[in-house]
Amino acid sequence: MLILGSFPSTASLVAQQYYAHPQNQFWRILGAVIEQPLKEMDYAPRIAAVQAAGIAIWDVFATCERARSLDSALRDTVPNPLARSQESAPAPRRICFNGRMAARRIREVEAMGFGALVLPSTNSANAGMSLGEKLARWREACAPDRSVKPQEQGAAHDESALDPAAIFGEEFIAGAVRPVTERPGIVVENDPA
């Protein structure tokens, strides 16, 4: 499974870690889904646990301009090459979008033949839904695909073998966000979020 966010927050860019803002509920929710204490782990073991669960994390946008960390502030976005996931073996069977901004590319993903789901944003600014409601939606989306019979889940369908770097190439850094200096076009103003 591939989870796509929109673009790293200022806190994530500074920390060089996905979902680094302490109020973002991503690690708490995903940890509950895969039954691992992700929020309490250091970053490297956290990423290893996520990969062991057959999950990759990436962004729909490679570069952008913005003044704040909010998705609504993203401008002049340049997309990441999601089509490369079609050429990989094994390819992810399901792509989940973390929030509506990331889901702006859902039609493209569906046209590539992937199952795609839009999940509630884990950003704490998404206050319209309780943590419990978000968690229930994420659990449902991340549950194993019961439509695939066990005998059909051979090596070609083993998502634990998913290697995002092999799928997306140089643009993907497993578990790390590219530094601002490697993301030309980003304008990040001082923003505590």
Using 0.36 nm per residue, how much length does the chain from residue 118 to residue 78 gain when fully extended, once their Cα-Cα distance is taken away?
-> 12.4 nm
What is the distance, in nm, between label points placed 7 Å from the Cα along the Cα-to-Cβ direction at residue 143 and at residue 48?
-> 3.1
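When ranked by the protection proxy of mean other Cβ atoms within 10 Å per residue, highest first, what sequence do the peptides 92-99, 123-130 form?
Working: 92-99: 21.4, 123-130: 13.0.
The packing order, highest mean first, is 92-99, 123-130.
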Long-range amide H contacts for residue 94: which residues qualify at under 5 Å (H placed 1.01 Å from N, peptide plane, sequence gap of 5 or more or a different chain)?
-> 2
Which residues qualify? For residue 17, with a placed amide H closer than 5 Å and at least 5 residues away or on another chain, they are 177
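Where a number appears in this text, it was derived from the coordinates with a stated rule and is not lab data. Fair warning: this is a prediction, and the values are worked out from it, not measured in the lab. Counting neighbours? That spans all protein chains shown, and the Cβs are built from the backbone with ideal geometry, glycine included.
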